[in-house]
1. Give the residue that is most open to solvent (accessible area, probe 1.4 Å), with candidates limited to residues of segment 104-133 that are farther than 12 Å from residue 32 by Cβ, of a type in the set (Val, Ile, Thr) and touching a residue at least 12 places away in the same chain (Cβ under 8 Å).
2. Can you list the helices (runs of 4 or more DSSP H) lying wholly within segment 85-181 that have 1 or more residues being under 30 Å from residue 55 (Cα atoms) and of a type outside the set (A, V, I, L, M, F, W, C)?
3. Taking only segment 153-190 into account, find how many residues are farther than 23 Å from residue 68 by Cβ, β-branched (Val, Ile, Thr) and without any contact (Cβ under 8 Å) to a residue 60 or more places away in the chain.
4. With 62, 40, 51 as the choices, which residue is in contact with a Phe, Trp or Tyr (Cβ under 8 Å, 6 or more places away or on another chain), charged (D, E, K, R) and more than 19 Å from residue 193 (Cβ to Cβ)?
5. Determine the pairs where a residue that is within 18 Å of residue 98 (Cβ to Cβ) and among the polar types (S, T, N, Q), located within segment 30-57, has a partner that is open to solvent by less than 30 Å² (accessible area, probe 1.4 Å) and at pLDDT 95 or above with Cβ atoms under 6 Å apart, the partner being 6 or more residues away or on another chain.
6. For segment 189-196, check the following and say yes or no: at least one residue is within 21 Å of residue 54 (Cα to Cα), among the aliphatic types (A, V, I, L, M) and surrounded by fewer than 17 Cβ atoms within 10 Å (Cβ to Cβ).
Amino acid sequence: MVGILSLLYKAYFFLLFTVTLVLFYPFFWVTLVPENKNFRLAFQLKRIWARVLFYGSFNRVRVEGAFPQGQGPFIITPNHSSYFDIIVSYVVFTEPFLFMGKAELLKWPLFNIFFKYMDIAVFRQDPVKAARSMVKARVSVREGNSLVIFPEGTISKIAPRLRGFKPGAFKIAADTNSPIVPVTFVGNHKVINVNSWTALSRPGKVKVCIHDSISPKSFEKEELRELSEAIKHKIESKLYGS
């Protein structure tokens, strides 16, 4: 019975996702595709859409901590256990940001509009394109845009435990002297468990812990591994909280 309810909930969520994306799509197109793009308006539309998905799928959120004021742009580094992490990011983070995400998202119908015209796709299997993505990310940060990057690179199949961290987020932070804001998402993998269609998923209360920022200036470039470990330790410190 629990398995059937879980499957029905996941099917409902993806139906809600699809229907609302179709409804919002014309507005995203108008704000992103023409030459006179309006990224801030597109960001606010994404936040509205995310709240429809979050609360429309019967979830609640508790936030601990807050972003430091007037010190951005930031490199925001949450743990990654579910596609639901993206939705929660737009619900909780109020200041505009761009996502860095896997290039496979360019293949998603309709949803790919964001990675074509707004966010930054990472081509992990192509070193040349991957390097171009890093250049684009650094330019975007220097223009004043915060970035959300999942340092695990992909959804952790051992969630809530963390995968190893990739160096990209920390290289961008060091190259642009941007503060890193570690973020711990607690419980997202229970809402939408992506390991399989039959994996237990259910609505509930998730928690977001926004940690104090860390300046990459306190680490030399050859100490990026130590910086990565410091960020990982902060995220893990709240990972198993209620």
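The values are calculated or read from the model by the stated rules, or taken from the named source; none is laboratory data. All figures in this text were calculated on a predicted structure; none of them were measured in a lab. We place every Cβ from the backbone using ideal geometry, glycine too, and count neighbours over all the protein chains shown. Remember, those area values only see protein heavy atoms, side chains included, never the ligands or the DNA or RNA. Shrake-Rupley method; radii C 1.70, N 1.55, O 1.52, S 1.80 Å.
1. By that ranking, first place goes to 122.
2. Working: elements: 113-117, 127-142, 168-176.
In segment 85-181, the matching helices (runs of 4 or more DSSP H) lie at 113-117.
3. Kept after step one, since they are farther than 23 Å from residue 68 by Cβ, are these residues of segment 153-190: 153-164, 166-167, 187-190.
Narrowing the set further to residues that are β-branched (Val, Ile, Thr) leaves 154-155, 158.
Of the ones still in play, those that are also without any contact (Cβ under 8 Å) to a residue 60 or more places away in the chain are 158.
Number satisfying all stated conditions: 1.
4. Values: 62 fails: in contact with a Phe, Trp or Tyr (Cβ under 8 Å, 6 or more places away or on another chain); 40 fails: in contact with a Phe, Trp or Tyr (Cβ under 8 Å, 6 or more places away or on another chain).
51 is the lone residue from the list that is in contact with a Phe, Trp or Tyr (Cβ under 8 Å, 6 or more places away or on another chain), charged (D, E, K, R) and more than 19 Å from residue 193 (Cβ to Cβ).
5. Short answer, once both residue conditions are applied: 31/42; 38/31.
6. Yes, because at least one residue in segment 189-196 is within 21 Å of residue 54 (Cα to Cα), among the aliphatic types (A, V, I, L, M) and surrounded by fewer than 17 Cβ atoms within 10 Å (Cβ to Cβ).
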